[in-house]
1. Hey, could you check the range 234-252 for residues that are in a loop (DSSP other than H, G, I, E, B) and among the charged types (D, E, K, R) and say which is nearest to L211 (Cα to Cα)?
2. Sort through F107, F118 and tell me the only one that's out of contact with any Ser or Thr (no Cβ under 6 Å at 6 or more places or on another chain), farther than 23 Å from G261 by Cα, in contact (Cβ under 8 Å) with a residue 24 or more places away in the chain and in a helix (DSSP H, G or I).
3. Scan the range 263-284 residue by residue and report those that are open to solvent by 30 Å² or more (accessible area, probe 1.4 Å) and within 30 Å of M137 (Cβ to Cβ).
4. Among the residues of the range 291-333, write down those that are among the hydroxyl-bearing types (S, T, Y) and open to solvent by 80 Å² or more (accessible area, probe 1.4 Å).
5. Any idea which of R81, R89, R105, R140 is basic (K, R) and closer than 30 Å to P38 by Cβ?
6. Give me the residue from the range 143-191 that is touching a Leu at 6+ places or on another chain (Cβ under 8 Å), outside any loop (DSSP other than H, G, I, E, B) and open to solvent by less than 30 Å² (accessible area, probe 1.4 Å) and, out of that set, farthest from F126 (Cα to Cα).
7. Only one of these is in contact with a helix residue (DSSP H, G or I) (Cβ under 8 Å, 6 or more places away or on another chain) and without any contact (Cβ under 8 Å) to a residue 40 or more places away in the chain: D315, D237, D295. Name it.
8. Considering the range 133-142 alone, what residues qualify as being in contact (Cβ under 8 Å) with a residue 60 or more places away in the chain and either open to solvent by less than 40 Å² (accessible area, probe 1.4 Å) or assigned to a loop (DSSP other than H, G, I, E, B) (or both)?
Amino acid sequence: MWRSSGGRTRCSGRASSPSSPRSRAARSPWSCSASTDPQFDEVKTRRHGKKFVLDRDLNGDGVVNIDDLQWEYLEGDGDYRSDEVTALRDESDIIITNPPFSLGREFIRWVLEADKKFSIIGPNSFPTTKEIFPLIMAGRMWLGQGFASGNAYFRVPEDNRGGWADGVYDPATGLVKFRNVTWFTNLEHGQRHAPMQLMTQADNLRYNKQLVKKGGYRHYDNIDAMDVPLSIAIPSDYDGVMGVPVSYLDHHCPEQFDIVGLTQFSWLKIADKVYPKQTQVNKNGTEQQVTKLNDGAAIEVTAPPEKKTYYKVGDKMYVKTFPRVLIQRKVEA
């Protein structure tokens, strides 16, 4: 866990069994070289967290870099929920880390309890969760600038360099690549306030072939909003509520649009219609009884869509969209 506090950069990590996923996720990039340090203790390394401090030029070469790094063992195992690490949190100004994704939502709450600035790496699914979306909608956190070409690279220890899918691990660099993660932060950055350049509904329908292929602009059946299947097709001349892909959050400008909801109706109860049990018609033609239309935004269709799952309720047919962020153009925008 990296922190900047009073000009000092610190890192603390949790220690556990080297074979556990949590240990691999929490290891410091210096954990391997630490074994050459006189204070290295193999037993303590397995049981205790470490605190790293980088705050001044120790070797007199005129720069502050990794060669000036100091470290020591924590009293405990480095769990961020411990009193010891919580005290480090309270001392910090900014927290930068990549927590285990299974604990990421809880970790963000822990950071915000202390009203700290942060920038953390998390999965792209974070914004649609009931813990994170309210924070995004309230403007308490937002997406960072992401990774170049959407690729995030992580260095892994030597004992965890096997079993990866093709194209994920590069043996030449010792790095693994993930495309399903991004930065989440409450630090301001210029991209957050750059409005999207938009066209009118008419121009989008005229020039955007992808939009037309996806059915154009359609109104939801169970919520008063218009579906916009592509972020690049958000119209400049529509004042009502729109459902846009979650990837829109990469471009959200709070001066241009308000975030007003999310089509995750299983926990965000904003739908104005409840469907009875439906018949789900799968791509292969098989059918089953479900209630899935009540979990998200539904669009009524006049004919069965090709090679897509759809739902029948009586003599009507519907398709269910992927989760959509509900936005509305600011009056002054």
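1. D237
2. Of F107, F118, the one residue that is out of contact with any Ser or Thr (no Cβ under 6 Å at 6 or more places or on another chain), farther than 23 Å from G261 by Cα, in contact (Cβ under 8 Å) with a residue 24 or more places away in the chain and in a helix (DSSP H, G or I) is F107.
3. Correct list: Q264, S266, W267, L268, K269, I270, A271, D272, K273, V274.
4. Start the filter on the range 291-333 by keeping residues that are among the hydroxyl-bearing types (S, T, Y), which leaves 291, 302, 309-311, 318, 321.
Scanning the range 291-333 gives a single hit, T302.
5. So the residue among R81, R89, R105, R140 that is basic (K, R) and closer than 30 Å to P38 by Cβ is R89.
6. Taking the candidates together, the pick is T185.
7. Answer to the check: D237.
8. The first filter runs over the range 133-142 and keeps only residues in contact (Cβ under 8 Å) with a residue 60 or more places away in the chain, leaving 133, 136-137, 139, 142.
Within the range 133-142, F133, I136, G139, W142 qualify.
The values are calculated or read from the model by the stated rules, or taken from the named source; none is laboratory data. The structure presented is a predicted model; accordingly, all values stated were derived computationally and were not measured. Cβ sites come from the backbone with ideal geometry, for glycine too, and all protein chains shown count toward neighbours. Accessible surface is based on the protein model in full, side chains and every heavy atom, while ligands, DNA and RNA are left aside. Shrake-Rupley method; radii C 1.70, N 1.55, O 1.52, S 1.80 Å.
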